[in-house]
1. Of everything in the stretch B:705-727 that's exposed (fewer than 15 other Cβ atoms within 10 Å of the Cβ) and in a loop (DSSP other than H, G, I, E, B), which residue is nearest to the other protein chains (Cβ to nearest Cβ)?
2. Does the stretch B:232-245 contain any residue that is in the same structural domain as B:VAL64 (by TED's automatic domain parsing) and under 30 Å from B:PHE42 (Cα atoms)?
3. Need pairs with beta-carbon distance below 7 Å; first residue in the same structural domain as B:ILE461 (by TED's automatic domain parsing) and within 12 Å of B:ASP422 (Cα to Cα) and within the stretch B:663-674, second among the charged types (D, E, K, R) and surrounded by 24 or more Cβ atoms within 10 Å (Cβ to Cβ); sequence gap 6+ or separate chains.
4. Quick check on B:ILE253: is it at pLDDT 95 or above, within 25 Å of the chain's Cα centre (by Cα) and assigned to a loop (DSSP other than H, G, I, E, B)?
5. Would you confirm whether or not the stretch A:259-273 contains a residue that is in contact with a Gly (Cβ under 9 Å, 6 or more places away or on another chain), more than 23 Å from A:VAL96 (Cβ to Cβ) and at pLDDT 95 or above?
6. Could you pull out every one of the helices (runs of 4 or more DSSP H) wholly within the stretch A:38-111 that has 2 or more residues that are touching a residue at least 60 places away in the same chain (Cβ under 8 Å), outside the structural domain of A:VAL200 (by TED's automatic domain parsing) and not aromatic (Phe, Trp, Tyr)?
7. State yes or no: is A:MET1 within 14 Å of chain B (Cβ to nearest Cβ) and in a loop (DSSP other than H, G, I, E, B)?
8. Looking at the stretch B:98-119, is at least one residue surrounded by fewer than 24 Cβ atoms within 10 Å (Cβ to Cβ), of a type in the set (A, V, I, L, M, F, W, C) and assigned to a loop (DSSP other than H, G, I, E, B)?
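The values are calculated or read from the model by the stated rules, or taken from the named source; none is laboratory data. Just so you know, these numbers come straight off a predicted model, no measurement behind them. No Cβ is skipped: glycine too gets one built from the backbone with ideal geometry, and neighbour counts run over all protein chains shown.
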Amino acid sequence: MYPAPFEYYAPKSVGEALSLLSQNADAKILAGGHSLLPLMKLRLAQPAALIDIGKITDLYGISDMGNTISLGALTTHHDVEHSGVLRRECPLLPEVASHIGDRQVRNRGTLGGSLAHADPAADYPAAMLALGAHIEVQGTGGKRSISADDLFTGLLQTSLNVNELIVSVRVPKTNAKGQSVAYAKFPHPASRYAIAGVAVWVKLENDQVSDVRVGVTGAADHAQRAKKTEDALKGKALNNDAIAAAAKLAADGLKTLGDVYASADYRAHLVNTLTAQALSAAQARAHGM
Amino acid sequence: MGVLGQSIKRREDPRLITGEAKYLDDLQMAGMAHAAILRSPFAHAKIKSIKTERAAALPGVIGVFTGKDFMELNPLPCAWAAGGVENHLNTPRCLEPDRVTHTGMGVAVVVAQDRYTAEDALALIEVDWEPLPVVTNAKKATEAGAPQLHENAPKNIECEWQCGDAAATDAALKSADVVIKQQIINQRLIPTAMEPRGCVARYDSAADEYTVWATAQAPHVMRLITTAFVFGIPETKMRVISPQVGGGFGAKIYLYPEYVLVIALSKKIGRAVKWMETRRENYVATTHGRDHITEVEIGAKKDGSITGLRVHTYANMGGILSTIAPGIPTTLYGRLLSGPYKIPHIYCHVLNVYTNTGMVDAYRGAGRPEATYVLERAMDWVADALGMDPVQVRRKNFIPSNEFPYTPADNILAGLAYDSGDYTKTLDKALAMLDYKDFREEQAAARKQGKYLGVGFSSYIELCGVAPSAWIGLPNQGWGAGLWESANIRMHLTGKVVVTTGSQSHGQGHETTMAQIVADQLGIPVDDVIVQHSDTLGTPFGYGSYGSRSGAVGGIAVYRAAERIKEKAKRLAAHMLEANVQDLIYEDGKVMVKGVPAKAKTIQEIALQSAVGYSLPQGMEPFLDETSYYDPPNCTYPFGTHICIVEVDAQTGKTKILRYIAVDDVGNVINPMIVDGQVHGGIAQGVAQALYEGAVYDDNGQLVSGSLMDYAVPTAAMLPSYETARTVTPSPVNPLGVKGAGETGTIASTPAVVNAVMDALKPFGVKHIDMPLTPEKVWRAMHTNGGMS
């Protein structure tokens, strides 16, 4: 529990942070610190420098942008969970945030930090995929927007470039009639990370599924969409039979991981089971049940 | 009504809940240096060489040492070899000089001005290792071709021990109408006290004396074995203090290599030295518990009466022995296998086995949870095989309440007898709380809807209040000393009382309960009594706190010291009142002439007279100061029945506890609130074993469940609300009639939960699943044996 020595910087602007990042090889961005610091305390991570972005005021806050909501990268899980605008306009995010870790973790951990770390069992990635979120990033070369579908690329891997920083996350409002969301999670009893977690967003038109996105986390080396399930639902009525048939396809093609607690087979079974649970919950909500 | 039996608030709590209590890591002293230990990454390896020069050169480093620097110190002693058999003992040194037999053994130490520097320097030490083959499974370790850990222990067997009657049990099993044979595993657990271990030592060169602060459940014993056995110095040259200790559960009883190391370093470098364990070290270097592979055979007649029980256990000791390891799976396990039942014949055969895993020693319950698990699973198998109700099988075999004291069959308890019991009474009370008939109807209805409810029963006895010295001692059960306990009471001039006890409190609430005993005896306010403990300076020698012994042994020493105070007070009062001592009685804090309440002296008046000594009877010494060394004539035997109701989710295999009922009989109760707390905590740890916790080593001897991210200690949200009740059957063993309550919950709860899950899975034809009953294991069992409905 004693980290190796490191340099510490606390820039006041994104520009300053980016220039520090480009000047310091082997530097790490410090946001909430709830993934990085434990690794450093065990000396599993030994970055030469930490760039603490906590003093950059631009990175805070939840803003209503009209059709979308923008969340600053430093928005804590607690603030996501308790945000009035999110609860009204994009309730999947508060629901997912409420499942993260424990109260202490939610008070300190941040949205941007979680996404950049890309833990394969984190909760947010499933929600980002289900919502079709966009991750706004800034690098020395300028700004760009990454679709959630393109963000997670492998175990703890993202499509962020070395000297890029997540600035904010943009999610759509999903409160319009006919849209429904849900998250189903099977937590590890010790870490509370997802053994599997499934987030769904469904859009119904004339009682039929006109669009759907299913995000799966925890089961494979990175969060992915269950596209076979999505395809199986499109154009169908969202009833129990359709859900059961589509949910059976959720883990199809997914390279699930196994460990001491849960084998790859069992994780696949959980993905299917949780997909059915999440879709059923979304169905019930859509029908005001 | 006296203060005994009252739920007064724990006097320890204000300092604990306000953060004022001082734990080991709070200790700071001028010039204190900090130690960090280089631990073996290999489970079995030779040390070819260690290069320390680069580490020693790091600025801030005071010294770097290896095992070769401490060869003048003896290896740590094993204080409890299994009784009556040959033991092949192998114990650790403060740092291993040549070879390691489990991951996490210390091989070098850095002492530096701060812990960060010490940790930085560890990375600069170069060890040339020669890895050796590894075995982690106790059964496999005894098979031909397994890697050998110690020259003196062929087939890795530390000892082969047995109790009971093999031939009579064979015959009893042959005479049975039904015999069930099953292998069960009682998995390894990690005690996980909230506070890890630590030690601070300071050497005074002028006096040639050591002062040691350690997270110790038995400071007197730790001092004795450190000085006399490891350092070869008089025990009077060392003072050991346990500061506030944040949980022990057995794992803080022992002398550990790090303590010896820190003490030795304090003299070597001439500065106080601190070492505080990290959680990662805690998991690899502090003792674990349980880890049995057991083959059980139980026979019964058609009417459900048990004819015999044969048990063969491989008990994993780890790579090297902790302080009392061999005694746990022998005396405290095999001898308890009759449980609450009248079993005609029992035979238990145990192999204590070395493997390349962390040390295993007593963990809350220590042997008794393992015995209870064997027996309570077996009772359910008998019920299944005969198509009987599990409650009926238990009831049928209970020792009748008129047969106490009861001596279990085949001398398995080595001459002792259960003190008192009424097992039907606790069972009936628990069943009444449950409403058993209603539950079975609800269960049947639920099954039709694809909901799987189950009920599990666990009736148990415990052996606690350990133990008569002559019984457990070296010539008999192999314990290397006595097991009496001590107390001193001084009543000062103002009537205020100081109690010192050799017992040690690390969560049990001695400062409250022992004050209750004294206040009740002397008829004075509890607030007038303070209880001091956990410092070898100023307390009489005592063996420490474990085995649910502080009340039934330590508390009785306090009681007897108070009796002696009363006796002396009466003799002095007789002098003050000019009365005959035979005519006096002690009541409500006063000594009075029988039938003449006006002719009385309060204990405070007597204490004053005794302290000033102006007028004492001929030959009486001043001051009320009495000591008792109490050696119990028997252990005590709490009992009870726990019932658990679960629902198993057919889709995921996840178990949810719907109700948990615990009816215990711990004899008379000193403080019901403290007993309730002990029962709650005990149940939590037992449920944890059934559903959540399990230490897992891979084939290379690496602890896979090496952190709290992997090892699932349950939180409050993962546990049910407990419905607790008690019956009271006083123990005839001691004058307070108390038995002990520290471990009952852990002993009873594990099989109650497992039996409930198995009951829920009955439609799937599942007979047994080894713990922890993780969702995947349950889900697989539902598929393999019966298929999903």
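1. B:MET709
2. no
3. B:VAL666/B:LYS739; B:GLY667/B:LYS739
4. On the way: at pLDDT 95 or above: yes; within 25 Å of the chain's Cα centre (by Cα): yes; assigned to a loop (DSSP other than H, G, I, E, B): yes.
Criteria met by B:ILE253.
5. Within the stretch A:259-273, one or more residues are in contact with a Gly (Cβ under 9 Å, 6 or more places away or on another chain), more than 23 Å from A:VAL96 (Cβ to Cβ) and at pLDDT 95 or above.
6. By residue number, A:84-89, A:92-97, A:103-108.
7. Taking the combined requirement at face value, the residue satisfies it.
8. There is no residue in the stretch B:98-119 that is surrounded by fewer than 24 Cβ atoms within 10 Å (Cβ to Cβ), of a type in the set (A, V, I, L, M, F, W, C) and assigned to a loop (DSSP other than H, G, I, E, B).
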